[in-house]
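For reference, the structure is listed below as structure tokens.
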Amino acid sequence: MSGQGAPTPQPIDCHDLRVGVVAASWHEEVMAGLLAGAKRACSEHQVEDPVLARVPGTFELPVVASAMAQRGFDAIIALGVVIRGGTPHFDYVCGSATEGLTRVALDHTVAVGFGVLTCDDEQQALDRAGLEGSREDKGYEAAAAALSTAMTLRRVRARFKTGLFT
């Protein structure tokens, strides 16, 4: 089962982080769950007003995430869902979104929470969406990971400024 061995994150104070959420629009019910989980994680981490940007689909997540990174956001939470169909479209979209979001994180040295569900069927997506009856809450997990990583990046940058890293 997916999720086994996952850490149990403890919310930390991230009130002064600039946080963006970029979310796809396909699969409304699943996306509603992912967004609710991300918003709950932000709230528990004391992020009061994350900026939300909606895009048509998962393929479009990286370009808006990149724009947010260029505007100085400390953490970006990318949410989407791609359900396997009968064509290679699934592989292209999943690969492009993954590579694009990875590039955003590395090119801009910004925390990117990967909340993109890549599922074989709709039930798998519903099971991971954080809805009532879901086994997992990937929206929450992606947000918590992005926030924790952003705080780690902040500490690393501070250490470089003080000369403690060479």
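Scan region 80-136 for residues that are of a type in the set (D, E, K, R) and within 15 Å of the chain's Cα centre (by Cα) and the total you get is 4.
Restricting attention to region 125-154, the residues being in a helix (DSSP H, G or I) and in contact with a helix residue (DSSP H, G or I) (Cβ under 8 Å, 6 or more places away or on another chain) number 11.
Of all residues in region 120-152, those satisfying the criterion of being farther than 26 Å from Gly86 by Cα, small (Gly, Ala, Ser) and in contact (Cβ under 8 Å) with a residue 60 or more places away in the chain are Gly130, Gly139, Ala142, Ala143, Ala144, Ala145, Ala146, Ser148, Ala150.
Cβ-Cβ contacts under 8 Å between residues 6 or more apart (or on different chains), taken from a first residue in region 38-61 that is closer than 17 Å to Ser25 by Cβ and in contact (Cβ under 8 Å) with a residue 24 or more places away in the chain to a second residue that is small (Gly, Ala, Ser) and surrounded by fewer than 18 Cβ atoms within 10 Å (Cβ to Cβ), are listed as Arg54/Ser25; Val55/Ser25; Pro56/Ser25; Gly57/Ser25; Phe59/Ser96. Any residue that is modelled with pLDDT of 95 or more, over 23 Å from Gln124 (Cβ atoms) and polar (S, T, N, Q) - is there at least one of those in region 56-64? No, region 56-64 has no match at all.
Mind checking whether some residue in region 73-90 is in a helix (DSSP H, G or I) and out of contact with any Cys (no Cβ under 7 Å at 6 or more places or on another chain)? Within region 73-90 (the criterion being in a helix (DSSP H, G or I) and out of contact with any Cys (no Cβ under 7 Å at 6 or more places or on another chain)), the answer is yes, since at least one residue qualifies. Considering each residue of region 19-28 in turn, at least one proves to be part of a helix (DSSP H, G or I), out of contact with any Gly (no Cβ under 6 Å at 6 or more places or on another chain) and under 24 Å from Ser134 (Cα atoms). Scanning region 69-91 for residues that are within 18 Å of Ser25 (Cα to Cα) and surrounded by 12 or more Cβ atoms within 10 Å (Cβ to Cβ) yields Ile76, Ile77, Ala78, Leu79, Gly80, Val81, Val82, Ile83, Arg84, His89, Phe90. Could we say that Ser148 is touching a Gly at 6+ places or on another chain (Cβ under 7 Å) and either hydrophobic (A, V, I, L, M, F, W, C) or farther than 19 Å from Ala53 by Cβ (or both) here? In short, no. Residues that are under 15 Å from the mean Cα position of the chain (by Cα) and farther than 15 Å from Ala105 by Cβ within region 56-78 comprise Gly57, Thr58, Phe59, Glu60, listed in sequence order. Of all residues in region 76-105, those that are in contact (Cβ under 8 Å) with a residue 24 or more places away in the chain have Cβ atoms under 6 Å from Cβ atoms of residues that are among the basic types (Lys, Arg) and outside any helix (DSSP H, G or I), 6 or more apart or on another chain, in Phe90/Arg84. You will find that of Ala41, Ala69, Ala129, the residue that is in contact with a Phe, Trp or Tyr (Cβ under 9 Å, 6 or more places away or on another chain) and modelled with pLDDT of 95 or more is Ala41 and no other. Please determine whether any residue of region 153-164 is surrounded by fewer than 21 Cβ atoms within 10 Å (Cβ to Cβ), under 23 Å from Val63 (Cα atoms) and out of contact with any Phe, Trp or Tyr (no Cβ under 6 Å at 6 or more places or on another chain). Yes.
The values are calculated or read from the model by the stated rules, or taken from the named source; none is laboratory data. None of these values were measured; they are calculated from a predicted model. When we count neighbours, we look across all protein chains shown, and the Cβ atoms used for this are built from the backbone with ideal geometry, even at glycine.
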